[in-house]
Amino acid sequence: MPTLHVCPLSRLPETVDATGARHVVTLINVGTPVVRPPAIAEADHLFVGVSDITDALDGHVLPDEAHVRRLLDFVRAWDRAQPLVIHCYAGISRSTAAAFIATCALRPDRDEAEIARELRLASPSATPNRRLVAVADAMLGRGGRMVAAIAAIGRGADAFEGEPFSVTIE
């Protein structure tokens with residue numbers, strides 16, 4: 001069964017090793033050093049340089065359609081034979097948004113609120129980046145339902161880093 005695993009940067013190597021993942025999505029500030037785990041081919045690692053912000057801020061990269069398009073193209077091309085790991089710096093905001101977006105994109109038949117509730121159950125600290133979700137909602141034609149679903153689960157529990165977790169696509 002295809003799974004997405006979410007973790008912070010500090011837990012990336014162990015998460016890839018533990019899951020047998022062969023694809024990784026990195027959503028992190030431009031310039032942050034990220035060492036690709038040896039099991040991940042360069043072509044199977046998507047690096048999206050975005051800041052964890054929801055409004056424009058000097059010196060930061062606001063997530064936009066180009067960033068979300070790259071994410072959507074990558075997850076749609078993933079063969080689902082092995083797990084996919086998605087990470088950001090803390091494993092709380094950008095990566096949880098990307099996992100939510102990926103699930104919505106790969107399962108257009110599933111209810112957004114149900115997916116968001118499953119995300120909350122899997123990760124008490126998950127606080128998906130609202131900007132990423134809003135951009136994806138518009139691109140996927142979800143009519144604001146993705147944004148509403150994330151608003152309904154609210155802010156996650158305070159944490160320095162999220163604990164690694166997984167969500168099943170099917």
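Candidates are the residues of the stretch 141-170 that are in contact with a helix residue (DSSP H, G or I) (Cβ under 8 Å, 6 or more places away or on another chain) and part of a loop (DSSP other than H, G, I, E, B); the one that is modelled with the lowest pLDDT is Ile169. Arg117 meets the conditions (1) in a helix (DSSP H, G or I); (2) buried (at least 22 other Cβ atoms within 10 Å of the Cβ) in every case but one. The failed one is (2). Asp109 falls short on exactly one of the conditions (1) open to solvent by less than 30 Å² (accessible area, probe 1.4 Å); (2) under 22 Å from Ile153 (Cβ atoms), and that condition is (1).
Condition check ((1) of a type outside the set (A, V, I, L, M); (2) assigned to a helix (DSSP H, G or I)) across all residues:
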site	(1), (2)
Ser10	yes, yes
Pro13	yes, yes
Val16	no, yes
Ala21	no, no
Pro33	yes, no
Ala43	no, yes
Asp55	yes, no
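Examine the stretch 133-140 for a residue that is modelled with pLDDT of 95 or more, surrounded by fewer than 22 Cβ atoms within 10 Å (Cβ to Cβ), among the small types (Gly, Ala, Ser) and more than 14 Å from Asp52 (Cβ to Cβ), and state whether such a residue exists. Yes: the stretch 133-140 contains one or more residues that are modelled with pLDDT of 95 or more, surrounded by fewer than 22 Cβ atoms within 10 Å (Cβ to Cβ), among the small types (Gly, Ala, Ser) and more than 14 Å from Asp52 (Cβ to Cβ).
The set of residues from the stretch 95-110 being closer than 15 Å to Asp137 by Cβ and free of Cβ contacts under 8 Å to residues at least 12 places away in the same chain comprises just one member, Arg110.
Looking only at the stretch 141-162, residues that are touching a residue at least 60 places away in the same chain (Cβ under 8 Å) and either surrounded by 16 or more Cβ atoms within 10 Å (Cβ to Cβ) or over 16 Å from the mean Cα position of the chain (by Cα) (or both) come to 4 in all.
Within the stretch 1-14, residues that are more than 19 Å from Ala41 (Cα to Cα) and of a type in the set (Lys, Arg) have Cβ atoms under 9 Å from residues that are in a strand (DSSP E or B) and open to solvent by 40 Å² or more (accessible area, probe 1.4 Å) in no pair, counting only partners at least 6 apart in sequence or on another chain. Looking only at residues in the stretch 67-94 that are touching a residue at least 24 places away in the same chain (Cβ under 8 Å) and of a type in the set (Gly, Ala, Ser), the one that is most open to solvent (accessible area, probe 1.4 Å) is Ala81. Looking at Thr26, is it in contact with a Lys or Arg (Cβ under 6 Å, 6 or more places away or on another chain), under 22 Å from Ile115 (Cα atoms) and surrounded by 15 or more Cβ atoms within 10 Å (Cβ to Cβ)? Criteria not met by Thr26. Just one residue in the set Pro124, Pro128 is surrounded by 15 or more Cβ atoms within 10 Å (Cβ to Cβ), assigned to a loop (DSSP other than H, G, I, E, B) and free of Cβ contacts under 8 Å to residues at least 40 places away in the same chain; that residue is Pro128.
The values are calculated or read from the model by the stated rules, or taken from the named source; none is laboratory data. The model shown is predicted, which means the values in this text are computed figures rather than measured ones. Ideal geometry is used to build each Cβ from the backbone, glycine not excepted, and the neighbour counts take in all protein chains shown. Please note that ligands, DNA and RNA were not included when accessible areas were found on the heavy atoms of the full protein model with its side chains. Shrake-Rupley method; radii C 1.70, N 1.55, O 1.52, S 1.80 Å.
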